[in-house]
Amino acid sequence: MSIIYHQPEVEETRGKVYSHSEKSLLEEVIKLYYEDLPLGTKPTKLSDFINKGLPPLPNNIDTAVDQAKYEYLKRYKEHYHEYKNVLDLKPIFPITQEKIREYVAQDDLTGKQVYYNYLGVKKVEIECQFPHSDIGQIAVVDLPGLGDTGVGDVERMIKVLSEDVDFVLFVRKPNAGGDYWDKNADLGLYDRAKKGIPAIPLSRWSFLILNQTAPDSEQGDNSRNCQGFLNKLPNTRMEFANCIIADCANKKETANVLEKILQYLTENITELDHKYALTFENKLIQLSKNLQAELEKASSVLQQYAGDKRLFQKSFKQFWDKLTNTLQPYLEKIELASNKTDETFQKEVNEVIENCNKLPSIPKSVEQIKKDRNRLGSYTEAYSRYLHIVRTDLSKQFLFLDGKIQDSLDTVKSEIAWLLTDEVQLGGLTDVREIDFLKWMADHIPGDLINLKLGFKTISAFNVSYAGIIQRKVRQHINRLTPDQNPLNLTPDIVMLLLEEILDPQQIDINKMRDISPTIEQIKNWWEKHLPGLLNSDDAPDEQKFKSQLLLLKMEQEVSSNNAEKSEKVLIKIQKNHQLVINLCKSDLDKLLSEPKQLTYAMVAEFVDRILYAEDIKDDWEIFLNDEQVRQKVWPEFKTMANRIKIQRDWQSLVEQIMDINQLENMRFL
C-alpha cells in the first residue's frame, strides 16, 4: 500500500518506506498464509520457511483465489534473495523519487517484472506537489486490486477505506483483445469496498475510471471495450457517482478526471461528511448503549464484598473460644501443681548441699590445724581464719542456685507462647517464637489497649532474683560462721549474754544464775530443764525458740570439746559449725521447694486475668485483631479477601471512570 500526500511546499518528490523485519514478516505475513490455506505447522523462524520445502495445498483447497494466495506465498520463498536486503534496513528509511517505483511496483516502465522489494515493505508514504496546488490537504491511497492481494490485504483494505479514505476511485483497464466484468476480481472488490462504510452507499463516494489505451500504445486500442464495459455496467450490481473513460497516461485527461472529482467533492462533501459523521455517531451511540449495558453488568460483578465483616465476626468468635479454652485449662493445671515440690529445683538444691558438704576448705586433721596455728601465731587466729574461708566458700556454692527459679518461670513462659502461636494460631503475626513472642506482643499491641498490652508486658517482664528469694534465707545462717558469733571458747559470761537476748529479764536473774551456775556445763544442764517449756509455749515467737535451740547446741559443743586439746577443739568446732549451717540452710531451702511452682501460678494467673477477664478485654482483642494488617497475618483468608477487595475497588473505579466518559451527550458531535 502506498499513500501519496499533496505537499505544496515540497520541491522534490520523496518517499518514506516502512519495511518488515524478519520477525514481523514471519508473524504478520507468512504465518497468516499457513493459517488461512491451511498448510500445517507454522515455521518458527523465517530461515525455516526459506530453506525448507513449502507444504502442498490440501486436497480440499481448490478455488482460484486460494490458488492465487498459494502462488503469492511462493513469491516470498522463491524471491527471498531479491528482497532480503530490505529486511536488513532500518524499519523506516527515506528514498528519492527515482527509487519509489522499486518499492511500490512489481514491473518497470517497460512492463517487465523485475522488482520484488515490495514483498518486504509494509507501506510507502510519498510526498509531492499535485498539479493543482490550491486543492489544500489531500492524499491518494493506492490500494492493490483484488487479484493482486495477499492474505490479510483485503482486511487491511477495508480498514483503510473505513478509517482513512473519503473518496474511492476504481480504476479498470479493459484488455484491448477482449474483456469482461470479472465476478471475483471486479465485483468481489466492489463488494468488499462496500464494507468500508456500509451505512453510506458506495455509489455516493466513488468514481469508476475506465483506463483507455491509445491506438498507438503497445497495449493496443481498448476504447471499444471501455465503452462496452460502461454499457454493461447496469447489468452488474456496481454503482458509482460517476463513470469516466479516460487515458490515465495522458496528463491532460487525468487532470480533467481530477477536476471532476474535486468538483463532485466540492458539491457533495458537506453532505457526505454529514452522513459519514451521522453514521459513526449512530455507531457510537449504539456502542455507548451496548457499553453502558456491559458496564452495568461489570459493576455488579464485584459488588462490595460485605462478607468481610461476617467473616471477621466468625473468625474472632472461633479465636476467642480457642483462647479461653486453651489458657483457662492451662491455668487450672498450673494451680493444681502450685503446692507441689519442683523436682528440678529440688535436684539443684540437693546438688548444692552435697557440694557444701564436700568443701575442700574444711580442715581434715589436727596436724593441719597445728601448722596453721604456727603460721598464724595462735589457735584463735587459725580458727577465725578457717571460719572466714568456710563462710565464703559456702556462700559461693549457694550462688549456683541463682537463676534456677527463673528457669522454671521461663519454661512456662515458653509454653504459654507456644499455646498462643500454635494452638490459638497467633503465630502468623511474626516469626518470633517462645519468650520473645510475648515481648513482641507487648511491644506491638497499641498503647490504647491498656489491659491487653499490660498483660503481655507483665508476663514478659516477670522475673525473680536470687537475692530476693534464696540469698536472704541462707545468708542469715552463713553469717553465723564469724568469730564474733562463734568464738573458739564459749565462756559463761558469753552464755549469760546470749540468755539475756533470748529470755525476758523479768523471767531470770542473771546475777543469781552466775552464782548458781558458774560453769558452762551447769548452765547447759539448767537450760535443758527449762527449754521444753519454752518450746511448747504458744506465746514464744519462732525466732526465740530457734535461738534457744541453737544456744543449747553451742553449749553441747563447748562441753564436748573441753577435754580435747586446742588443735582438736578447733577441728571439732569448725566441722560442727559447718555442718550446723548446712543443715539450717537446707531446712530453709526445703521449705522453698514449691516456690517455683507457686511463683509460676502467680505469674500465669495474673496473665490470664489480664488478657481474659479484665474489663473490656474482649473489646481490646477485637480491636487489635481487626486491624487490616493484623488479621491478614492471623487468618490467611483475609489476605486473599484484601486482594479481592483491592481488585474490586480498582475495577469499580475503572468502571465509574468509563461510565463518566460514556455519556450519550459525549457521543453526539452533529
> Which distance in nm do the two modelled labels at Lys195 and Glu606 give, with both placed 7 Å along the Cα-to-Cβ direction?
Replying inline: 8.6 nm
> Helix 636-661 versus the longest principal axis of the chain: what is the Cα-based angle in degrees, 0 to 90, to the nearest 10?
Replying inline: 30 degrees
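Within the set of other residues whose C-beta is less than 10 Å from the C-beta of Phe345, count the net charge using Lys and Arg as +1 and Asp and Glu as -1. If you can, show how the numbers build up before the last one.
Working: positive: Lys347, Lys404, Lys597; negative: Asp342, Glu343, Glu348, Asp407, Glu595.
Charge balance in the 10 Å sphere: -2.
Relative to 2.2 N^0.38 Å, what does the C-alpha radius of gyration of segment 1-143 come to as a ratio? Two decimals please. Write down the numbers at each step before the final one.
On the way: Rg = 17.8 Å, N = 143, 2.2 N^0.38 = 14.5 Å.
Relative to the rule-of-thumb radius for its length, segment 1-143 sits at 1.23.
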>> Can you tell me which lysines have their Cα less than 26 Å from the Cα of Lys45? Leave out same-chain residues fewer than eight positions away.
In response: Lys23, Lys31, Lys69, Lys74, Lys77, Lys84, Lys90, Lys122, Lys123
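If I stretch the segment between Leu278 and Asp48 completely, what's the gain in nm (0.36 nm per residue apart, minus their alpha carbon distance), one decimal? Walk me through the numbers on the way to the answer.
Numbers: separation 230, 0.36 × 230 = 82.80 nm, distance 4.97 nm.
Working it through step by step, the gained length comes to 77.8 nm.
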> If each of His79 and Asn583 carries a label point 7 Å out from its Cα toward its Cβ, how far apart are those two points in nm?
Replying inline: 12.4 nm
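By how many nm would the segment from Gln227 to Glu423 grow when fully extended, if each residue of separation counts as 0.36 nm and the alpha-carbon distance is taken off? List each step's numbers first, then the result.
On the way: separation 196, 0.36 × 196 = 70.56 nm, distance 9.78 nm.
So the chain would gain 60.8 nm between Gln227 and Glu423.
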> Can you tell which of Pro174, Asn117, Asn211 lies farthest toward the positive end of the dipole of the chain, using +1 and -1 charges on the Cβ of basic and acidic side chains (Lys, Arg; Asp, Glu)?
Replying inline: Asn117
> At what distance in nm do the modelled label points of Glu343 and Asn290 sit from each other, each positioned 7 Å from its Cα along Cα→Cβ?
Replying inline: 8.3 nm
>> From Cα pairs below 8 angstrom and at least 6 apart in sequence, can you work out the relative contact order of segment 1-143, rounded to a whole percent?
In response: 52 percent
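Please get the size of the charge dipole for the chain, origin at its Cα centre, with Cβ charges of +1 on Lys and Arg and -1 on Asp and Glu, quoted in debye to the nearest 20. Mind showing how you got there, number by number?
Working: 87 positive and 104 negative charges, 381 e Å.
Computed charge dipole of the chain: roughly 1840 debye.
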>> Over the chain, what is the relative contact order in percent, taking alpha-carbon pairs closer than 8 angstrom and at least six residues apart?
In response: 14 percent
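Find, among the trypsin sites (Lys or Arg not before Pro) in segment 1-77, those assigned to loop by DSSP (not H, G, I, E, B) with at most 16 other beta-carbon atoms within 10 angstrom.
Lys45, Lys52
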> Taking only Cα atoms, what is the 0 to 90° angle, nearest 10, from helix 492-502's long axis to the longest principal axis of the chain?
Replying inline: 50 degrees
> Can you tell which of Tyr72, Ile30, Pro360 lies farthest toward the positive end of the dipole of the chain, using +1 and -1 charges on the Cβ of basic and acidic side chains (Lys, Arg; Asp, Glu)?
Replying inline: Pro360
> List the lysines whose alpha-carbon lies under 20 Å from that of Lys252, not counting same-chain residues fewer than 8 positions away?
Replying inline: Lys173, Lys260
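Counting only Cα atoms, I'd like the Rg/Rh figure for the chain, Kirkwood definition for Rh. Walk me through the intermediate numbers first.
On the way: Rg = 56.8 Å, Rh = 38.2 Å.
Rg/Rh: 1.49.
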>> Students often check this: by mean Cβ neighbours within 10 Å, which of 596-606, 92-102, 241-251 ranks highest, and how do the rest follow?
In response: 596-606, 241-251, 92-102
>> Nearest 10 degrees is fine. How inclined is helix 520-535 to the longest principal axis of the chain, computing both from alpha carbons?
In response: 60 degrees
> With r defined as the distance between the Cβ atoms of Asn175 and Lys297 and R0 fixed at 56 Å, what FRET efficiency is calculated, to the nearest 0.05?
Replying inline: 0.45
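Let me have the 222 nm mean residue ellipticity of the chain computed from DSSP H runs of 4+ only, each contributing -39500 (n - 2.57), with the sum over all residues rounded to the nearest 500.
Values: 28 runs with 384 residues, N = 670.
Helix-only estimate at 222 nm: -18500 deg cm²/dmol.
Bear in mind that the values in this text are calculations on the coordinates, not laboratory data. Quantities reported herein were computed from a predicted structural model and do not represent experimental measurements. When we count neighbours, we look across all protein chains shown, and the Cβ atoms used for this are built from the backbone with ideal geometry, even at glycine.
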